[in-house]
1. Scan segment B:266-295 residue by residue and report those that are within 16 Å of residue B:156 (Cα to Cα) and more than 9 Å from chain A (Cβ to nearest Cβ).
2. Looking at the structure I just gave you, is residue B:279 assigned to a helix (DSSP H, G or I) and under 15 Å from the mean Cα position of the chain (by Cα)?
3. Sort through A:232, A:290, A:239 and tell me the only one that's over 25 Å from the mean Cα position of the chain (by Cα), surrounded by fewer than 17 Cβ atoms within 10 Å (Cβ to Cβ) and in the same structural domain as residue A:347 (by TED's automatic domain parsing).
4. What is the residue count in segment A:275-293 for residues that are over 25 Å from residue A:337 (Cα atoms), touching a helix residue (DSSP H, G or I) at 6+ places or on another chain (Cβ under 6 Å) and more than 10 Å from chain B (Cβ to nearest Cβ)?
5. Please list, ordered by first then second residue, the pairs with beta carbon atoms under 7 Å, 6 or more apart or interchain, first in segment A:246-260 and outside any helix (DSSP H, G or I), second at pLDDT below 90 and surrounded by fewer than 16 Cβ atoms within 10 Å (Cβ to Cβ).
6. Right, residue B:83: buried (at least 16 other Cβ atoms within 10 Å of the Cβ) and at pLDDT below 90 or not?
7. Can residue B:106 be described as modelled with pLDDT of 90 or more and part of a helix (DSSP H, G or I)?
8. What do you reckon, is residue B:322 touching a strand residue (DSSP E or B) at 6+ places or on another chain (Cβ under 8 Å), part of a helix (DSSP H, G or I) and at pLDDT 85 or above?
C-alpha cells in the first residue's frame, strides 16, 4: 500500500538536496580552514617567541611533529563541529522551507505519495489569492489585518510610553512607597497569566466590552517585565548626568525625554519590536473576548480551516486544504521575517537582555 | 504635628538645609507635591494594573469558591450567578467529575508534565551542545547564529500547523494520499507509517487515562524546535563572556576538551543553565497555543493531548467559569511549588 521501503526518486531528491547543502558548507569550511591556517602560521611566527617556530629548516625537531598532529586533530574536530552545526541549521530551517514550498504547490502535488522537494507543477499564486479572497463567516483577511495593525500600533505606542514613564519614576524619582510598589509589581510576575486572563474575561464581559478594540488593547498595556528591564537600563545612566541636567534647569520630564530616552534607545527599540510581535502573535485573548471573527486578530484567522471555496479544484476536495493553510501561514510569518531581517540586532539584543536579566 | 515632636534644634537644621530660607506653607506644600510627583509618572501603569492585575488575583480566589459559576447565566447586575460557596469546583476538577464531557484534569496534568519534563531538558542539552560548537568556530558564526535564531520569531499557531503537515497522513484513512515526510523518512529504515496525529494514533491505556505516545512525540519535537533559539542565544552569549584565561590555565594543566567542557564551561554558565531550566519548566507548565496549532481546538481527540492551560480555556470557552477558576488556582499552586523547589535546588547547585 505504501511502498515506502523503496527509496523513491523523490526521496532521493531530498537526500541530494540535503547533501548539496552539506557539501556547500564543507567547501566553505575547507576554504576557511585553508585561509585560517595560513593566517595562524603567520600569527604564530609573529607572536610566539623563538624555539617553537624557530625555523622551517630545523627538520626533525620533535615539537613540530607534535604540533602538526595537534593541528590535524583540531581540523578534524572543526570539521565535525561544522557538520553538526550544519545539520542543526538545516533542521531549524526545514519547517520554513517546507511551509513556503507547500504554499506554492497545487493540492494534487502536495498529496503525492512521496512529497516533492520543489513545486514541480508550477507556482500556485492562486493559493494566496484564494486565501485573501475568502470573505465569509470566518472573517476576511483584510479586516483582521487592519485589526492587527490598529491594535498593534496603538497598544505598542501607548505601552512604550507607559513603560518609559513608570521605569523612569522607579529608577530616578523618589516618592513614598516606591519600593513597595516596585516589589508588588515584580511579585505579579510570579502569577500565571491565565489567572488574569480568565478574571479579566469575566470583567470585560460584564462591562459589555466584547467586540471592541479597547478590550484588545487595554488589559495588556502594562508589562512589568519591560518596566523592570528599562528601569535597570535607566539605573545604569550615571547620576551625575541628572545633576548636571538639573543645574542646567531641565525638568524631570525634560531630562527623561532629552537625555534618558536617547541613551536607552536600543532597549526602547527592542521593547517596541517585541511588543508589536507579541500583538501580532496574540491568539488566546482575542478569541476569548471577541467572538465575532471580524473583530479578531490575524493569528486567529490563520488557525481557521481553509477549504476550496474558490473552486480551484472543481469541487474535488471538500475538506480543509493544507496548501491554502500554508499560504495563510506564510502570509502571517512573512512580516515577522522582514522585521527580523531589518532589526535583527535589536531583537536579539532585547531577547538576550530579557534572558540575562530575568 | 511632626514638628512639635521634634527637638527645636533639628527643626532649625532642617530649615537651614532648605537654603536657609523660611518656607511658607504654600511653598512647603509645593515642595511636598514635587517630591511625590513620581506617582504622576507611575499613575497610568498603577491604575491599569489595579484593574487588570490586582483585581483579577482577588477575583480568582473568590470566584473559584463559587459553586456552579456559569457565564451563561447572568444575574440582574450583569454578574454571573452562582449557587453557594464551597470547594465543589476543586473537588470536581480533581476528580474529573465535571459532568460536561470536557477535558479531564488528570489527563491534562500528566500531558503537561510529560511535555515539560521531556522537552525542556532535551532542548537545553541540545542548546548547550550547539552553543559550545558555535563558540568554537570563527567563520560564518554569525550566519549560523542567525539561522538558529529564526524559529524564535515565529507564531506558534502558524508553525504548529507546519509541523502538523510533517506528521499528518493526508487523505482517507484507508488509502492515504501522502503519509507525510516523517513517515517517509522512517520508511527508509523499514518502519511502517504511523498515524501520528489522526484517529488511529497509537496510545497506551492506563485505566481511564490514555497515553497517546505518538502525539506526545509530535508535541515534544515541536517544543524542542521552538525552544532551542532562545536557549542557544542565552547560552552562547554566556559562553562568550566566560573569561578566556580559565581555558588557557586549564590547557596548560593538560585538561582535555571534555574535561574543560564539563569542569569549566558548564559550571561557569550554570546560572544561565538553571535560569533556562526554570523558565523552560515554567513556560512548559503554561503551554497551550502550540497544542492548538498542532491539533486544533479539540486538542487531539477528546482532549487527549490537552494541557492544564488548555483545560482552563476549554472550560472557560464552554462557560463553566467556576471550573476554569479552580483549575487556574491549582496551576498557580503547582507553579509555586516548582518555584520553591527551584529556589532550594539552585541555591545548592549553582555556582555564581
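The values are calculated or read from the model by the stated rules, or taken from the named source; none is laboratory data. Given the structure is predicted, the values throughout are model-derived calculations rather than measurements. Quick reminder, even Gly has a Cβ in these numbers, built from the backbone with ideal geometry, and neighbours come from all protein chains shown.
1. Within segment B:266-295, B:280, B:283, B:284, B:287, B:290, B:291, B:294, B:295 meet the criteria.
2. Numbers: assigned to a helix (DSSP H, G or I): yes; under 15 Å from the mean Cα position of the chain (by Cα): yes.
Judged against the criteria, residue B:279 is a match.
3. Numbers: A:232 fails: over 25 Å from the mean Cα position of the chain (by Cα); A:290 fails: surrounded by fewer than 17 Cβ atoms within 10 Å (Cβ to Cβ).
Exactly one residue qualifies, and that residue is A:239.
4. Narrowing segment A:275-293 to residues over 25 Å from residue A:337 (Cα atoms): A:288-293.
With the extra rule that they be touching a helix residue (DSSP H, G or I) at 6+ places or on another chain (Cβ under 6 Å), the set shrinks to A:288-289.
With the extra rule that they be more than 10 Å from chain B (Cβ to nearest Cβ), the set shrinks to A:289.
The total comes to 1.
5. Short answer, once both residue conditions are applied: A:250/A:258.
6. On the way: buried (at least 16 other Cβ atoms within 10 Å of the Cβ): no; at pLDDT below 90: yes.
So residue B:83 fails the test.
7. Numbers: modelled with pLDDT of 90 or more: yes; part of a helix (DSSP H, G or I): yes.
So residue B:106 fits the description; yes.
8. Values: touching a strand residue (DSSP E or B) at 6+ places or on another chain (Cβ under 8 Å): yes; part of a helix (DSSP H, G or I): yes; at pLDDT 85 or above: yes.
Spelling it out, residue B:322 is indeed touching a strand residue (DSSP E or B) at 6+ places or on another chain (Cβ under 8 Å), part of a helix (DSSP H, G or I) and at pLDDT 85 or above.
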